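As structure tokens, the structure follows; a few thoughts come after it.
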């Protein structure tokens with residue numbers, strides 16, 4: 001059964017957090033979008049700047065100078081407030097979160113001081129425990145403050161959940177698709193027809209549950 005969990009951790013290993021804290025103090029937040037196996041090894045941070053006293057261009061220069069950033073784009077807003085899009089190499093936390101094929105990050109946000117909130121889905125509780133162990137492994141700059149498992153019955157069978165989660169992780173539902181059905185089947189070690197059947201049945205159950213319960 002697919003397990004869902006929410007994590008609160010403090011990540012002091014991220015160079016971007018250090019730079020943003022230095023220039024902006026408590027006046028920022030960031031949404032993180034990573035690229036899992038089969039995609040890029042870079043991580044995108046969408047940083048919102050709340051400070052009206054700090055020029056976002058100054059922050060941009062600081063990020064470019066101090067972080068291993070491949071691209072920094074400024075998106076100005078009213079006054080001196082604005083947004084930064086930072087494409088950079090992953091820190092140790094992102095390396096764990098955005099690798100592997102048995103879990104998917106649903107949301108990932110960072111706040112001043114490195115306080116990090118992550119919502120994710122894993123194949124099972126064993127995968128979740130392993131993920132938490134890897135996050136803390138040998139790095140004193142990372143601490144797990146809270147783990148909240150979200151319980152709830154799943155309408156999917158074990159095979160359907162595994163195939164659907166893997167398809168999502170590998171980009172089968174991206175636009176455009178990053179992987180086709182044939183390659184998905186090869187990576188899963190299943191026949192093409194078995195993967196297609198599992199996906200159709202899983203999708204049908206999710207759609208039925210959405211319209212019968214979600215819109216009730």
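Hydrodynamic radius of segment 158-214 by the Kirkwood approach over all distinct alpha-carbon pairs: 11.6 Å.
What the Kirkwood sum gives for segment 112-175 is a hydrodynamic radius of 14.2 Å, with every pair of different alpha carbons counted. In this structure, residue 8 and residue 193 have a Cβ-Cβ separation that, at R0 = 45 Å, corresponds to a calculated FRET efficiency of about 0.60.
Ellipticity at 222 nm from helices only: DSSP H runs of n ≥ 4 in the chain, each -39500 (n - 2.57), divided by the residue count, give -11000 deg cm²/dmol. Among the listed values [x] 18.3, 67; [y] 23.8, 92; [z] 19.4, 59, the one computed from these coordinates for Rg and Dmax of the Cα atoms in Å is [z]. On the principal axes of its alpha carbon atoms, segment 89-216 extends 47, 38, 28 Å, with the longest extent given first.
All of the numbers you see were taken from the coordinates with simple rules; none came from a lab. As the structure is a computational prediction, the values presented were derived from the model and not from experiment. Counting neighbours? That spans all protein chains shown, and the Cβs are built from the backbone with ideal geometry, glycine included.
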